[in-house]
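Notes for the one structure printed next.
The values are calculated or read from the model by the stated rules, or taken from the named source; none is laboratory data. All figures in this text were calculated on a predicted structure; none of them were measured in a lab. In this analysis, Cβ positions are derived from the backbone assuming ideal geometry, glycine residues included, and neighbour counts consider all displayed protein chains.
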Amino acid sequence: MTLIKILPDWFLPENQSTSESVYLNRRRFLKKSGLGSLSLLGLLAGCQTIEEKKAIVSQRLQDAQLQSFNASRNLAFTLDRPLTNEYDAAVYTNFYEFSSDKDVWEKVGKFQPHPWTVEVTGLVAKPQKFAIEDLIAKMPIEERLYRHRCVEAWAMAVPWTGFPLKRLIELVEPQAKATHVKFTTFLREKEARRQILQSEPWPYTEGLTIKEAMNELAFMVVGIYGHELPKQHGAPIRLVLPWKYGYKSIKSIVQIEFTDRQPTTFWNTRIPQEYDFLANVNPNIPHPRWSQASERMLGTGDRFATQMYNGYAPYVANLYNT
Ligand code: MTE
């Protein structure tokens, strides 16, 4: 059985996705009519339309009282397409600890991303444990507009807030024999119900070579759309690697380990013939079950030709030219 699914094109067709003005009017209507979060929850069971989902998600985002970041935007990173609407991104996420569908936002209620500690360990001179607040205070926080490309052929363009992974690596001083970095997500069956499945290699892990991890694109992310990450996007801290398929961008990280071998990773362990370790975006290599030649933007349904390394070749092609 394959876990990563292609969602049919009709999932968010252009004519059903809501423009921001329609959406905002709906929000005003819900507010005016006194529909608070509880009554919105009541709507959930019978919810039919994308519009209703968006209204509920919007309320959830407000209820979460996500703290804003005052990070300046790094203008080196530009987009060739409009930003994805925040709600379109929030209702369509992959987080297999909670769901094998895109309805993660409905299933993360029990997940507790605070308090949170990230341990940096393994072949480093200065292993350290950071409370998430201390890590954010220590690092140079900035906003970057990146394109994101899932291996399932959907894509989005979003503003992430975070810091270069390179800066964290420099802080812990890897030993000369360290060749790879392994990232691990939390393991909490009571909060993430799919983690009880013995057939899957929990906790979710991912890995990079040290050279990839030191690349300036590799971004440790603590926010999206100017505020903290909502749970479904991988609160409180995740990785974002825009030149690789999205499964490398591991969410809710608790440990970063420096090693002298290629680490085992979740999808590569699960289905190695479909999900390779490198996972660089490449329009010329189809997935065994579908083409990677084009991608579909969340919300609008717009199609774009897939670009080599997702358009980031000038930053990363040199990593693979040997
Ligand atoms: N991280 C964890 N821990 N668990 C996951 O299931 N899914 C990956 C990645 N990170 C995943 C994960 C996949 S397949 C993708 S495409 C991206 O997260 C999606 O990020 P988004 O849902 O915030 O858009």
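Worth pointing out:
- E295 being assigned to a loop (DSSP other than H, G, I, E, B), on the phi < 0 side of the Ramachandran plot and modelled with pLDDT of 95 or more: no
- Applying a threshold of 7 Å to beta carbon distances and a minimum spacing of six or more residues, or different chains, the list of pairs starting in the stretch 284-310 at a residue that is free of Cβ contacts under 8 Å to residues at least 60 places away in the same chain and within 29 Å of E51 (Cβ to Cβ) and ending at one that is among the hydroxyl-bearing types (S, T, Y) and surrounded by fewer than 18 Cβ atoms within 10 Å (Cβ to Cβ) reads R303/S294.
- All positions within the stretch 128-182 that are closer than 30 Å to A305 by Cβ and among the aromatic types (F, W, Y): Y146, W154, W160
- Hits in the stretch 64-105 (condition: among the charged types (D, E, K, R), surrounded by fewer than 19 Cβ atoms within 10 Å (Cβ to Cβ) and within 14 Å of Q232 (Cα to Cα)): D101, D103
- Of all residues in the stretch 47-101, those being among the charged types (D, E, K, R), within 14 Å of the ligand (Cβ to nearest atom) and assigned to a loop (DSSP other than H, G, I, E, B) number 2.
- Considering only residues in the stretch 250-279 that are of a type outside the set (G, A, S) and touching a helix residue (DSSP H, G or I) at 6+ places or on another chain (Cβ under 6 Å), the one that is surrounded by the most Cβ atoms within 10 Å (Cβ to Cβ) turns out to be W267.
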